[in-house]
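Structure in structure tokens, see below.
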Amino acid sequence: MKLKFVLPIALFVVLAIALGVGLTLNPRDIPSALIGKPAPEFNLPPVQGRTAGLATADLKQGEMVLVNVFASWCVPCREEHPLLMDLARARTVKIYGLNQRDRPEDAERWLAAFGDPYLKTGADLDGRTSIEWGVYGVPETFLVDGKGCILFKHISVLTRQVLERDFLPIMRGERAPPKTNC
Amino acid sequence: MIAETGHFAVILALVVALLQASLPLAGTALRIPAWSALAVPAAVLQFALILLAFGCLMVLYITSDFSVMNVWQNSHSAKPLLYKISGVWGNHEGSLLLWVLILALFGMAVALFGSNLPPSLRTRVLSVQAMIGVGFLGLLVFLSNPFNRIFPAPVDGNGLNPLLQDPGLAFHPPFLYLGYVGFSIAFSFAIAALIEGKVDAAWARWVRPWTLAAWTFLTIGIALGSWWAYYELGWGGWWFWDPVENASFMPWLAGTALLHSAIVVEKRDALKTWTVLLAILTFSLSLLGTFIVRSGLLNSVHAFASDPGRGVFILAFLILVIGGSLALYAVRAPALRAGGLFAPISREGALVFNNLILITALATVFLGTMYPLFLDAITGAKVTVGPPYFNATFAPLMTPLVAVMAFGPLLAWKRADLMGALHRLKFAAAATVVALLGALYFTWGGPVLAVLGFGLGVWVVMGSLVEVVERTRLFRASARDSLNRAIHMPRSVWGSALAHAGVGVFILGAAGALGWESEKLQVMKPGDQVELAGYTFIFDGARPARGPNYDATEGTFRVYRNGELLTVMQAQTRRFANPPMETTEAAIHPTRMGDLFAVVGTPAGDGAYQTRLYRKPLINLLWTGALLMAFGGLVSLSDRRHRVGAPSRRRVEAAGTAAQRA
């Protein structure tokens, strides 16, 4: 049997194996290129009706914080919102909100209706800051160390399970955080 | 009852497909004519059953029957009728049903119009066609039933993804599928030929019109998708090298290669195994495209949520179909008698060059699309391959192909005269030089690549016209004689000239849109004005507006040119409630030399809005070019050579005229 007639099927076998392995992977596991790196510089005004805006300096106050990307038009955000409220009430961790591409009055109404777990908020009207943070889709939650470096990132709804599996061990110091260059 | 009828029809169709896949094939092998004879009625019955099921689903959508899960998930009673209908295929299950409907349609077409095929070939083709049907019907029946009920029935549905609520996108999937699935015929013919062990000129003559039809549909489908992305996504882009776009583009590249290599089989009885492989490859890429979109393997706007069970099923099916056909190829292809050698400077030499480049380009697109997956599978690293890779590899690869495209049709079969072809292209070359100098003069200081691209486009358009001019003896014979010659010129010659000119027109559009675009992004208050490429945009502020199932913010721009009011443009941002989502409706004002494009973005307080303004020269030529390609395909398809029994009828006619003269 001549090689040139067998080559197509040989190539296909390789492809099929890759597709098979690919199926077992979760396309949501997208690590951020920014993990271990300093969060991008930004300085945003607060969401309408609030006084404290959000800037890079807020992430360098010496303690770990969560940065949660949310929007009023984002339905899954409602799903994770009660958990964020619990965390804020229990003072587990400081939570900062990055409000992505929202209408100011919608964002204000949303926080009024569902409660405001955020210590400070940044209104990212044009989505530019979100792009710099490498946000794929709302909601996303970042864990930032006290020096302004991103330690972890979760895409999609934050659940208690995710929190306990991925966030809390780093926050409690039980798991070594990734190397940072801050 | 309607849902149950549809469900039952799908199950029956699966049974019929199983019969059609097995008995006729066994019948041709064992020489049992009664079994072979089943193929044609089975193909017709299969289509009727799937049409019934599809009709049922459509009725459920139109009547908003939310007791059916699929309707509840993807429709809403407040949706306009058009989108209730297009919602049928705007989801996983419904789009699969459309897929098998088209598959069965093509199968029936072979059954009814294939009476001039050798009976054994037709039977085998229909059996192979039914095997593909079995796979997809099985997926529908066992894992993706569109007719599942929910109880109690919800009051209203979840609504269709607003991005899909658009006339352009309503017809994008059906055309795409007509293309994808149309290639299944070429595939079935290839498999049947491998089973029979015979590929000859007649085989190629049967395969070509089917491939051409599929290619034409796919061209229209891709163009519709690109047009939609242009006016709907609000960034003025028209091709993003998104995995799903690539998934539709790869079969197009392979199909284009197949279209050309089949000519060589027909005329020169060469490139047989290669053409068979291309037919398998083209349809395999169509299947892979379906797999990529349906499995959620690659994240994309286009992917509808799905569960891993389906992914495993589709992969198993893919391995069976592609792996099986390639294994058959490895065993049987060596038995196909190879054709003669040929000179590099000849029509067939040019067609081989065309194939080499198209396949190389296909390989680069394939690598770019699949590389993230490979890397993830091997190392776990996540990367995205973006437009920079594709732009850097694809365009340079295609340039030589496009540059020699004008030569191809002018070269003779077997041994051609390159100098003669060059000589005949002198007017095209002169026109290109003039266009290059003109473009350089008008865009001095602009991007050089755009000027070169523009020149290339002019070259291809002019080069494609040369053959028409030559054949009709335009400017040399009398106008009447030329017209007469034009009418009697074979439609396939017209078709290829039109399609090739379409490529040139497309390149003109791409050069203009990529190289000479102007854009301005800013915050504008009512009354603000912005100058852009000689046009003055005055923002008149934004007002709320209402649509049938959305609220919108509508921004108005007055556009002045040389102090005179040219047009008033109204751009919208739409907010849908079901499901909650925002879409942008760009305002587009077409001018003779391209589009003005305006988008109203998020509000910035005090009645001010983020606005994006673009001028996109020549962009209308992109779609004109694509449509011209498709039109060329249609014209070529109408060539009498492709029609049933045409050659013999012509002979009779000729004999008749001869008799009259005598």
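If a residue must be within 14 Å of chain A (Cβ to nearest Cβ) and either under 15 Å from B:P590 (Cβ atoms) or surrounded by 22 or more Cβ atoms within 10 Å (Cβ to Cβ) (or both), how many such residues does the range B:602-638 contain?
So the first thing to find is which residues in the range B:602-638 are within 14 Å of chain A (Cβ to nearest Cβ), and the list is B:602-612.
Next, from what is left, pick out any that are either under 15 Å from B:P590 (Cβ atoms) or surrounded by 22 or more Cβ atoms within 10 Å (Cβ to Cβ) (or both): B:609, B:611.
Residues meeting the conditions: 2.
May I ask you to say which residue of B:P617, B:P603 is touching a Gly at 6+ places or on another chain (Cβ under 6 Å) and over 21 Å from B:I222 (Cβ atoms)?
Just a single option satisfies the conditions, and that option is B:P617.
Can you tell me which residue is farthest from the chain's Cα centre (by Cα) among those in the range B:214-239 that are surrounded by fewer than 21 Cβ atoms within 10 Å (Cβ to Cβ) and hydrophobic (A, V, I, L, M, F, W, C)?
B:W235
Moving to a separate point now. In the list B:A202, B:A186, B:A193, which residue meets the criterion of being modelled with pLDDT under 90, closer than 28 Å to B:G133 by Cβ and either in a helix (DSSP H, G or I) or within 14 Å of the chain's Cα centre (by Cα) (or both)?
B:A202
Quickly run through the range A:5-33 and pick out the residues that are more than 7 Å from chain B (Cβ to nearest Cβ) and modelled with pLDDT of 80 or more.
A:L7, A:A10, A:L11, A:V13, A:V14, A:L15, A:I17
One line per residue, one yes/no per condition, for (1) under 15 Å from the mean Cα position of the chain (by Cα); (2) over 13 Å from A:R50 (Cα atoms); (3) surrounded by fewer than 20 Cβ atoms within 10 Å (Cβ to Cβ); (4) among the hydroxyl-bearing types (S, T, Y):
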site: A:L84; (1), (2), (3), (4): yes, yes, no, no
site: A:T92; (1), (2), (3), (4): no, yes, yes, yes
site: A:G97; (1), (2), (3), (4): yes, no, no, no
site: A:Q100; (1), (2), (3), (4): yes, yes, no, no
site: A:A113; (1), (2), (3), (4): no, yes, yes, no
site: A:P117; (1), (2), (3), (4): no, no, no, no
site: A:D126; (1), (2), (3), (4): no, yes, yes, no
site: A:T129; (1), (2), (3), (4): yes, yes, no, yes
site: A:G134; (1), (2), (3), (4): yes, yes, yes, no
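Among the residues of the range B:313-338, count how many are surrounded by 18 or more Cβ atoms within 10 Å (Cβ to Cβ) and assigned to a loop (DSSP other than H, G, I, E, B).
Total satisfying the criteria: 1.
Sort out for me the helices (runs of 4 or more DSSP H) sitting completely within the range B:446-544 that have 1 or more residues that are under 19 Å from B:T399 (Cα atoms).
By residue number, B:448-472, B:491-515.
Across the range B:339-375, what is the total count of residues that are in contact (Cβ under 8 Å) with a residue 40 or more places away in the chain, assigned to a helix (DSSP H, G or I) and aliphatic (A, V, I, L, M)?
Number of matching residues: 10.
I'd like to check which helices (runs of 4 or more DSSP H) are fully inside the range B:42-133 and have at least 1 residues that are among the acidic types (D, E). Spell out how you get there, then give the answer.
Details: elements: B:69-74, B:81-86, B:92-113.
Answer list for the range B:42-133: B:92-113.
The values are calculated or read from the model by the stated rules, or taken from the named source; none is laboratory data. Please read these numbers as outputs of a predicted model, since none were measured by experiment. Because the Cβ atoms are built from the backbone with ideal geometry, glycine has one as well, and the counts that use them run over all protein chains shown.
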